[in-house]
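Beneath this line is the structure, given in C-alpha cells, with notes to follow.
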Amino acid sequence: MKPIPEIYSISSPLEADQYLIDGVLKTWKGKTVEVNSTISVTEEYKPTYIGSVPELEEAQAHEALDAALGAYDKGKGLWPTMRVRERIECMESFIQKMETKRDIVVKLIMWEIGKNLADAEKEFDRTVKYVYDTIEDYKQLDRNAAKFEKHEGVYAHIRRGPLGVVLCLGPYNYPLNETFALLIPALIMGNTTIFKPAKFGVLLITPLLEAFQESFPAGVVNIIFGRGRVLASPIMQTGKIDVLALIGNSKSANALIDQHPKSNRLRLVLGLEAKNPAIVLPDADLDLAVKECISGSLSFNGQRCTALKIIYVHEEIKDEFLQHFNKAVDNQNFGNPWDEGAFLTPLPEPDKPQYIQELIDDALEKGAKILNKKGGQHFENYIWPAVLYPVTKDMRVYQEEQFGPVIPVVSFSDIDEPIDDMADSNYGQQVSLFGTNVEKLSPLIDTFTNLVCRVNLNSSCQRGPDVYPFTGRKDSAKSTLSVHDALRSFSIRTFVASKDNPQNLEILEQLLEKKQSKFISTDYIL
Ligand code: G3H
C-alpha cells in the first residue's frame, strides 16, 4: 500500500452535526449516519471511517418545507421579490465564500466517492465557473427583459419569475457539480429551496453550510441530511413542492413524483439514466476511437450518466478494434485518487463489485466471453473492467445501466441494427459516432439527432461545456439544463399588461419613475 500524502490524509473523522433550516445552523443531537470510505488506510483492507452526518427525521423535513414556504411567502417573500441586482449580490457573496473551501471539498470528494484528484479539482472549479457564468447569464436575461412591448394596443413588461419551492436532490457521482447546477439556477431565479445531498458525497457539503447561511436570507436555502424515504417522501406528499429537481435514476424519480398529489403543480427538472452507445464505423480512425471509447466508458470508472455504456463495432473492423481496445483497458492504472496517474479508482458503493460480477456471470452464461486478460479481477474495492463480447439483448449488461466498470460490445454488419436498438431503448441521451466518410456520416447524423439529444462525432459523450444543452429523451431526462437553459427551466414567463390609454400610461410612467416595484424596471445591470 502506497502511503497517503499528508495533505490528503484525514487526521480525524469529521463529525458533522449541523443542518440548515430557516437561516439557522441547527445542531443535531439524534441519530447519525456513518460515512465510510471504501479507500483503506491499513495494510490489510478495511474501509475507513471518515465522519458522520445527521440522520434527520420527518419532523425536520416538514420544518425545512415550512421554512422554504415561509421564505417564498406566497410570492410576497423577500427573496422572490428581491431586485435582480440584490439576488446577484447574495450569489456573489456565496461563491466567494465557497472558493475558500476548495481544499477540503476536493479532499472529501476523493475520500467519499473515490474520484481522482484531477477530476475532483475539475469538479470544484467547474462548479465555481458555473456559478459565475450563471450570474452573467442572469444579467443578460434581465437586460433582455428591461423593456416594454406593445401589440394590439396592449403594453407588456415580460420577465421570468420564480416557480416557488424547489426540492433539490443530486447524484453521488457529481455530488457538488450536478447538485449545484440545479440549486444555483433555482436560487438565482428567486425560488426557495430544500436540498438533500446524495447517499455518498454528503460530508463534502458540510464545509459549505456556513457560506449558505451567511449569504442568503433565512429559509431560502434549507439543507437537510438523512434518508430520501424519510425526508423527501413526506415533503412530496404535502403537494406543496413546485419543482422536483433531481439527478439520479428514473425509478426513484418516479417514486417521488407519484407521491405528489397535484401533478400539474409539479414541474420536473430531471437528469436520469442513459445507455449511451458508441458506434464504430468501418472507416473510423481506430486509434482515436479506442482512445475516446476508453475515456468514454471508464472515466470515473463508468459512473457517469454520460458514460459510453455499450460499444457497437462494425464486423469489418471488430477484430482490430477489440485487439487494441482490450490492451488499452488492461493498461490503465488503478490506484487511490491522489496516486499519480490513477485513472481507475475505488468504487464508492461497497456492493458495486458484486453487482458488476453478476452482470458478467449473466453475460458469460448467455454466451459472451471476457476478452481482456485482467477483465473481472477483483480487488476489495474494485473489479477490473471486463470487455464482454458478443453481447446480446437477453443479457442484463445490455439491458441495465451498469454505472460501473464493465464494457459490453456488440458487432453489427448493417447500421440499421444499432439504429433499431437505439429507437427501442428506453433511453435517449447521447451517442458517439466514429467514422470519417462524410457520405456515410450525413444520414446517420440526421437520424441520430432525432433519437438522442447530442451526437458526438469522433469523441466520447459528455455533458460539458456547461453552456451547451444537457438533456435527453424518454427515461433519460425532463427539461433542459445548461447555464442558460437552467435559468429557463427554474422560472416561468410572467408579465404585467396594460391597455394603452392615458390613465394607464400615467401609472406606468410613475411606476418607472418611482422605482418602487421591483418587477417593473427598465434599468440595466452591466
Ligand atoms: O453523470 C452525468 C454527468 O452529467 C456527466 O457529466 O459528461 O461532464 O462527466 P460529464
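The values are calculated or read from the model by the stated rules, or taken from the named source; none is laboratory data. The structure displayed is predicted, hence computed values, not measured ones. Here Cβ is always computed from backbone atoms with ideal geometry, including for glycine, and neighbour counts include all displayed protein chains.
Residues in region 474-504 that are part of a loop (DSSP other than H, G, I, E, B), farther than 18 Å from Gly164 by Cα and touching a strand residue (DSSP E or B) at 6+ places or on another chain (Cβ under 9 Å): Asp475, Ser476, Thr480, Ser482, Asp500.
Considered as a group, the residues in region 223-267 that are within 16 Å of the ligand (Cβ to nearest atom) and in contact with a strand residue (DSSP E or B) (Cβ under 9 Å, 6 or more places away or on another chain) include one that is farthest from Ile194 (Cα to Cα), and that residue is Ser250.
One residue stands out in region 41-89 among those that are among the charged types (D, E, K, R) and part of a loop (DSSP other than H, G, I, E, B): the one that is modelled with the lowest pLDDT, namely Glu43.
Against the list (1) buried (at least 16 other Cβ atoms within 10 Å of the Cβ); (2) out of contact with any helix residue (DSSP H, G or I) (no Cβ under 7 Å at 6 or more places or on another chain), the condition Ser263 fails is (1). Just to be sure before I move on: is Thr206 among the β-branched types (Val, Ile, Thr), at pLDDT 95 or above, closer than 30 Å to Asn301 by Cα and within 16 Å of the ligand (Cβ to nearest atom) in the structure I sent? Considered against the rule, which asks whether it is among the β-branched types (Val, Ile, Thr), at pLDDT 95 or above, closer than 30 Å to Asn301 by Cα and within 16 Å of the ligand (Cβ to nearest atom), Thr206 comes out as no. Of the listed requirements (1) closer than 17 Å to Gly435 by Cα; (2) part of a helix (DSSP H, G or I), Asn301 misses just one: (1).
Considering each residue of region 167-183 in turn, none proves to be buried (at least 20 other Cβ atoms within 10 Å of the Cβ), touching a residue at least 12 places away in the same chain (Cβ under 8 Å) and more than 19 Å from the chain's Cα centre (by Cα).
Residue check: Leu288 meets all listed conditions (1) surrounded by 21 or more Cβ atoms within 10 Å (Cβ to Cβ); (2) away from the ligand (no atom under 14 Å from the Cβ) but one, namely (1). Can we say Thr238 is crowded, with 23+ Cβ neighbours inside 10 Å and among the polar types (S, T, N, Q)? In short, no.
Could we say that Phe325 is aromatic (Phe, Trp, Tyr) and surrounded by fewer than 22 Cβ atoms within 10 Å (Cβ to Cβ) here? Criteria not met by Phe325.
Residue by residue, here is whether (1) modelled with pLDDT of 95 or more; (2) more than 30 Å from Val243 (Cα to Cα) holds:
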site	(1), (2)
Leu444	yes, yes
Gly464	yes, no
His484	yes, no
Ile492	yes, no
Ala497	yes, no
Asp523	no, no
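Got at least one residue in region 214-222 being buried (at least 19 other Cβ atoms within 10 Å of the Cβ), at pLDDT 95 or above, within 16 Å of the ligand (Cβ to nearest atom) and under 27 Å from Val35 (Cβ atoms)? Taking every residue of region 214-222 in turn, none turns out to be buried (at least 19 other Cβ atoms within 10 Å of the Cβ), at pLDDT 95 or above, within 16 Å of the ligand (Cβ to nearest atom) and under 27 Å from Val35 (Cβ atoms).
Each residue in region 298-321 was checked for being farther than 19 Å from Lys393 by Cα and within 16 Å of the ligand (Cβ to nearest atom), and 10 pass. Number of residues in region 473-487 that are more than 14 Å from the ligand (Cβ to nearest atom) and β-branched (Val, Ile, Thr): the value is 0. Looking only at region 378-389, which residues are without any contact (Cβ under 8 Å) to a residue 40 or more places away in the chain and surrounded by 15 or more Cβ atoms within 10 Å (Cβ to Cβ)? Across region 378-389, the qualifying residues are Ile383, Ala386, Leu388. Selection within region 268-283: residues that are more than 16 Å from the ligand (Cβ to nearest atom) and part of a strand (DSSP E or B). The member of this set that is farthest from Asn426 (Cα to Cα) is Val280.
Per-residue answers, yes or no, for (1) without any contact (Cβ under 8 Å) to a residue 60 or more places away in the chain; (2) of a type in the set (S, T, N, Q); (3) under 12 Å from Pro385 (Cα atoms):
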residue	(1), (2), (3)
Gln323	yes, yes, no
Val329	no, no, yes
Asn333	yes, yes, yes
Asp339	no, no, no
Leu344	no, no, yes
Pro348	no, no, no
Ile356	yes, no, yes
Ile360	yes, no, yes
Asn372	yes, yes, yes
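Counting only strands (runs of 3 or more DSSP E) wholly contained in region 366-472, the ones carrying 1 or more residues that are within 16 Å of the ligand (Cβ to nearest atom) occupy 430-434, 454-457. Within region 115-135, residues that are under 20 Å from Pro469 (Cβ atoms) have Cβ atoms under 6 Å from residues that are acidic (Asp, Glu) in these pairs: Tyr130/Asp466, counting only partners at least 6 apart in sequence or on another chain.
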